[in-house]
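The values are calculated or read from the model by the stated rules, or taken from the named source; none is laboratory data. These numbers come from a predicted model, not from an experiment. Here Cβ is always computed from backbone atoms with ideal geometry, including for glycine, and neighbour counts include all displayed protein chains. Just the protein is used for accessible areas: all its heavy atoms, side chains included, with ligands, DNA and RNA removed. Shrake-Rupley method; radii C 1.70, N 1.55, O 1.52, S 1.80 Å.
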Amino acid sequence: MRKFHVVSPYEPSGDQAEAIEKLSEGFLRGDRYQTLKGVTGSGKTFTMAKIIEKVQRPTLIISHNKTLSAQLYREFKSFFPDNAVEYFVSYYDYYQPEAYVPARDLYIEKDAATNKEIDALRLKATYSLMERRDVIVVATVSCIYGLGMPDLYKEMRVHIEKGELLDIRKFERDLCSIQYTRNDMAMDRGNFRVRGDVIEVYPPYMETDTAYRIELEFDEVARIRRFNVVTRETEEELDEMQFYPAKHFVVPHDALVSATERIEVELEERLEVLRAQGKILEAERLKTRTTYDIEMMKEMGYCSGIENYSGPISGRKSGEPPATLLHYFPDDFLCMMDEAHVTSPQIGAMYEGDRSRKQNLVDFGFRLPSALDNRPLKIEEFEKKLNQVIYVTATPRKEEIERSTQVVEQIIRPTGLLDPLIDVRPSEGQMEDIRREVAARIEKGERSLILTLTKKMAEDLTDYLLGLDMKVKYIHSEIDTFERVEILKALRTGEIDVLIGINLLREGIDLPEVSFIAILDADKIGFLRSTTSLIQIIGRAARNENGTVVMYADVMTPAIKEAVGETKRRREIQQKWNEEHGVTPHTVSKAVQDILVRQQQDAEENAEVELGFLKKSANLFDAKQRKKLIDALKKEMSDCADRLEYEQAAAIRDQIREIEETYGKGKN
C-alpha cells in the first residue's frame, strides 16, 4: 500500500512545524480530541496535510458547506497526487423532502434532482475505503446520513479471475443484482454489455473514463484489461478484478423478501394502533400506500421512497443508528473538522430537524414508524463512531476547547503578515469617513470591503457610492453562486474597488488585495456582530500588509472588546516573531493577479477547443443547428459551474454571446 506523501514546493514555516509536531504526537499517543487554533492565512490546510503524512492514517475531513469542501478537495488533491483523495457531499442539486403540514392539511411529495458526477464521486469514496488505506475523504455533513451497509456492500461485490470458467448468464445476473444495467448499444457509467465472448463493464465509481473488458475462450477467462472508454486504448492488463455495487443501497433478493414480511407485520400492528385511536382515514391511507410499496418491492426489487424502509430491510431494531460513511472507515481513522465552530453545531442540529418532519408523516398515516429510522446520526452516535478528532478553526467554541487535551495555536503566517490594525469610531459622519478611507485605498490600487447588517442597507450604500463615481458592487444571499464568484474575481482583478456584503464575506474567502474593511453597526448585539463573527471579518484584511479595520460603534460592547483584545494579542506575537527572525511582511498581490490571468487564459483556451469541436458539427448559418449548438454550450457551461470550474464556465458564456451577436440566437 502507498504511504501518504505531501508534494509541495514549500516546507513548514512560522509556527507550522511546531503545530504539526504537537498535534501528531498527541494523535499518536491516543488523545481523543485536539484543537488547531489557526489564524486566517496561517496555512492551516498545509498543516493538516503534513499531520496526515506524519500519522499515516485514513482521514475524514468534514466541512460545513459544499463550496468550502470543494476548495479543500482541490487543495488536498494537489498535496497528495499519489494517494486517494475523495469527495463526499450531497448529490442533490435540488431537494424537497416529503412533508405534511397538518394546519393546512397539505402533503408535499418528495422532489429531487440528483447530480450524476457527484454520485460517482461518492461511490468512488466508498470504493477507495474498501480497497486501500491511503485515503482522504473531504465531506460535508451528508456523511452522517444513512448509506448502504458496508458489510453488505463488500459482500455483494462480483469477483472474477483470469483462467476461471465463467458462466456468462450467471455473471450477467450477478451484475444486475448489484444494480448494473445491461446496454449493448452505448457504454455509460453503471452499464455493461455483452458481445459474443467479450464483456465490457463500466463501473460508476471510476474517476476517469475507465472500463473493464473481459475476453473469453470457450467459457474460460482468457484476458482482463482496463481500457479508456473514449480512446479504447488499453491502460493495464489484470489477473483478477472485482466489481463493487453501482449504488450504495443494495440488498440481496432473499433479504428483500424477508424484509417485506417484517414490513407487513409492522403495518398490521400500526393499523391496529391508528384504528384504536379513531384515525380511520390515516389507517386507510397508510394501508394503501404501504401495500403498494410492498408489491413493488416484491415484483421490481425496489419502490419509490425505499429509503423509508431501510430499517426493516437492514434488520435494524427500532432506534438503532443507520450505517453511514463513517462505518466504511477503519477503526483507527483520523477525523478533522474544518471550521469546527460552525461544523460541530451543524452536525448536532441535523437529527432534530429531520425527526420533527418525519414525525408528522408517521402520525398522519403517510409512513410507518420505522421511517423514523431513516435518519442522520444523533450527535452522541456521531461522536461514538469517531476515533480521534482534530478541530480546525480560528475561533474555537468553549465546547471544543474544554474537551481538547491540547489547543495548539498557529498565529505566525508564512508571509510574515500581521493581523490588521483596528480602530473604533463613532457612527456619526460614518459615510463621509468611509468615502475618504475608500478613496485613499483606490489611489494605492487596493480594495475595500464594507459589512452591513441588512440587504437593503447594502444595496442603498452601493447606490450612494456609485453616485460618487466609485466602482462598487454588493453581494448577498440572493446573488447566485456563479455570479458571486464573478464579483469576487472582479474585486481581485480591479474591475471594482469596493465590495459591500453582509455574511458572505465573513469566512473562507482569500482576498489579499483588500486592505480596508469597514464594519457598520459594530455595536449591535447579535450573531453578525458576535466576537466570533468580528474576528472572522477582521481576518479578511489579514492578507495585506496595510490591513486596517474600522468598526463604527457608539458603544464598546463585550464582543468588540474581545475581538480587539484578541487581535492585539496576536499582532504582538507576530511582530515579536518577525523581529526575531528578520522578516518583513509583504503582500504578494502581483502573483495573485498573474494566477487569475493565467486561469482565465487556460479557461478560454479550453472553451475554444470545446467550441471548435462543436462548430465542426454545426452550420452556424442554419438557425436550427445554431440553436442546437447554443443549447449544447449552455449545458456545458452549467456543468462547468456545477463542478465549480467558474473560469471555464465564464469563458463558454462569452463564446455563446459571440455566436449570438454574430449569427443570431437561432430558432427551434
So residue 362, is it open to solvent by less than 20 Å² (accessible area, probe 1.4 Å), β-branched (Val, Ile, Thr) and within 24 Å of the chain's Cα centre (by Cα): no
Which numbered condition residue 589 misses (of (1) closer than 30 Å to residue 409 by Cβ; (2) among the hydroxyl-bearing types (Ser, Thr, Tyr); (3) at pLDDT 75 or above): (3)
Out of 429, 416, sole residue that is at pLDDT below 95, open to solvent by 20 Å² or more (accessible area, probe 1.4 Å) and either on the phi > 0 side of the Ramachandran plot or of a type in the set (A, V, I, L, M) (or both): 429
Lone unmet requirement of (1) assigned to a strand (DSSP E or B); (2) open to solvent by less than 10 Å² (accessible area, probe 1.4 Å) for residue 213: (2)
Failed item, numbered, when residue 375 is tested on (1) outside any helix (DSSP H, G or I); (2) under 30 Å from residue 45 (Cβ atoms): (2)
Given (1) of a type in the set (Lys, Arg); (2) within 30 Å of residue 366 (Cα to Cα); (3) open to solvent by 80 Å² or more (accessible area, probe 1.4 Å), number of the condition residue 232 does not satisfy: (2)
Condition met for residue 488 (in contact with a strand residue (DSSP E or B) (Cβ under 8 Å, 6 or more places away or on another chain) and open to solvent by less than 40 Å² (accessible area, probe 1.4 Å)): yes
Failed condition for residue 397, given (1) under 31 Å from the mean Cα position of the chain (by Cα); (2) surrounded by 18 or more Cβ atoms within 10 Å (Cβ to Cβ); (3) within 30 Å of residue 523 (Cβ to Cβ); (4) among the charged types (D, E, K, R): (2)
Positions within the range 541-577 being in contact (Cβ under 8 Å) with a residue 12 or more places away in the chain, part of a helix (DSSP H, G or I) and open to solvent by 10 Å² or more (accessible area, probe 1.4 Å), in sequence order: 558, 559, 562, 564, 566, 568, 570, 571, 573, 575, 577
Count - residues of the range 13-32 that are hydrophobic (A, V, I, L, M, F, W, C), within 22 Å of residue 344 (Cα to Cα) and surrounded by fewer than 22 Cβ atoms within 10 Å (Cβ to Cβ): 1
Top-ranked residue of the range 33-43 - restricted to ones that are in contact with an Asp or Glu (Cβ under 8 Å, 6 or more places away or on another chain) and not in a loop (DSSP other than H, G, I, E, B), ranked as farthest from residue 345 (Cα to Cα): 38
In the range 190-210, residue surrounded by the fewest Cβ atoms within 10 Å (Cβ to Cβ) [restricted to those that are part of a strand (DSSP E or B) and under 33 Å from the mean Cα position of the chain (by Cα)]: 210
Residue in the range 273-330 that is surrounded by the most Cβ atoms within 10 Å (Cβ to Cβ), counting only those that are small (Gly, Ala, Ser) and in contact with a Leu (Cβ under 9 Å, 6 or more places away or on another chain): 311
Residue check, residue 400 acidic (Asp, Glu) and assigned to a strand (DSSP E or B): no
Filtered residue count, the range 45-79, keeping only those that are assigned to a loop (DSSP other than H, G, I, E, B), under 19 Å from residue 122 (Cα atoms) and not hydroxyl-bearing (Ser, Thr, Tyr): 3
Test: residue in the range 458-481 that is among the acidic types (Asp, Glu), in a helix (DSSP H, G or I), closer than 30 Å to residue 47 by Cα and open to solvent by 60 Å² or more (accessible area, probe 1.4 Å): no
Test: residue in the range 335-356 that is under 30 Å from residue 37 (Cβ atoms), modelled with pLDDT of 95 or more and of a type in the set (A, V, I, L, M): yes
Residue check, residue 168 touching a residue at least 40 places away in the same chain (Cβ under 8 Å) and either β-branched (Val, Ile, Thr) or closer than 30 Å to residue 76 by Cβ (or both): yes
Within the range 188-211, considering residues that are within 21 Å of residue 223 (Cβ to Cβ) and of a type in the set (Lys, Arg), the one modelled with the highest pLDDT: 193
